[in-house]
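The block underneath contains the structure these notes are about, expressed in structure tokens.
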Amino acid sequence: MPNQNETSNSPKPVETNPETWVDEYGDYLYRYALMRVRDPNQAEDLVQETLLAALKARKNFAGQSTVKTWLVGILKHKIIDFFRKNSREKLVDPSDNSDVELNDFFDKNKQWLPNAVPNDFPNPTQAIENEEFTTALLSCLEKLPPRTAEAFSLREMEDMSSEEICNILDITPNNFWVMMHRARIALRKCLENSWLNQNK
Amino acid sequence: MKLMPTCNEAVEMMSKSMDMELTTVERVGLKLHAFLCIHCKKYWDQILMVRDAVRQAVEKQESEESTCSLKPLPEQRKAELKALINNSLST
């Protein structure tokens, strides 16, 4: 018994055991990725890339931060690289406008169409704290066109500047503002639909 | 541009104001419109609320206060990852 205590108290170089990473941080990293990229397979791949990169670089882990913070730092870079790669590879319309038609919201006089007028959210102040609201929000994010969702998560989850995001996604500032506007108008509408229906 | 924006222009400016500085004319026009138009005012409050909700969800997941109902890493993939790690540790 006393021997065990001595062992754990003896000074050791800062070390992390990769064999425990999957059990200790796997779920956490996966959820972190899933929130941002939404596609489960892609999120799994990003976790794998992160752990393999960490394995190679573990000599450099000097213990200034926790292992978790260090791994999340690597994962963040992997997610941004993934978005960057998407924007280089996919030859889609940069405004990504197929799924969000702004004409569905306003008439030709630029007034709200009757069926697009915003309805009240029930209990807006409590909703934010509500687990079901968060679930609805994340599933609404999933319905956005891919690049619009990428712009939205870099802006609202990573708190990046529009310049950084335009650079990563290879879009113009004008594309960016249009995408953010489409994301917000579509998210609000989707939340209104799912949240109102749940609370009827 | 005329001072008073249309609803369509107003909601565009609302979004823009969340990512960048508006010009003084835009800012005044937007405030005026939101003061007079109940629909746009509601829209503005709600997109700001959505922004807060996203930030809270991110914080809760990061602090492990909540899983935000996101599923865990599938067991099969966990086993594969462990094998992959053990493999490269032993070589």
Given the pairs A:Lys110/B:Lys2; A:Lys143/B:Lys42; A:Lys85/A:Lys189; B:Lys16/B:Lys60; A:Lys189/B:Lys60, which span a C-alpha to C-alpha distance of over 21 angstrom in this model? A:Lys143/B:Lys42; A:Lys85/A:Lys189; B:Lys16/B:Lys60; A:Lys189/B:Lys60
Taking only Cα atoms of the protein assembly as shown, the Rg to Rh ratio with Kirkwood Rh works out at 1.06
For region B:7-90, what value does the Rg/Rh ratio take when both radii are computed over Cα atoms and Rh is the Kirkwood radius, given to two decimals? 1.34
For region B:61-72, take each phi angle, set θ = phi - 60°, evaluate the Karplus expression 6.51 cos²θ - 1.76 cosθ + 1.60, and give the result in whole Hz per residue in order, putting x for glycine and proline. 5, 5, 8, 6, 6, 8, 8, 6, 6, 7, 5, x
Whole-number percent relative contact order across chain A, with pairs defined as alpha carbons under 8 Å at least 6 apart: 22
Rounded to the nearest 20 Debye, what is the dipole magnitude of the protein assembly as shown about its Cα centre when Lys and Arg each give +1 and Asp and Glu each give -1 at the C-beta? 440
Within region B:7-90: Cβ-based charge dipole about Cα centre, in debye rounded to nearest 20 (Lys, Arg +1; Asp, Glu -1): 160
Here FRET efficiency (C-beta to C-beta, B:Ser17 to A:Gln64, R₀ 35 Å, nearest 0.05) is 0.40
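Taken together, the values in this text are just the output of simple stated rules run on the coordinates, not laboratory data. In this text, all values refer to a predicted model and were calculated from it rather than measured experimentally. Virtual Cβ from ideal backbone geometry, glycine too; neighbours counted across all protein chains shown.
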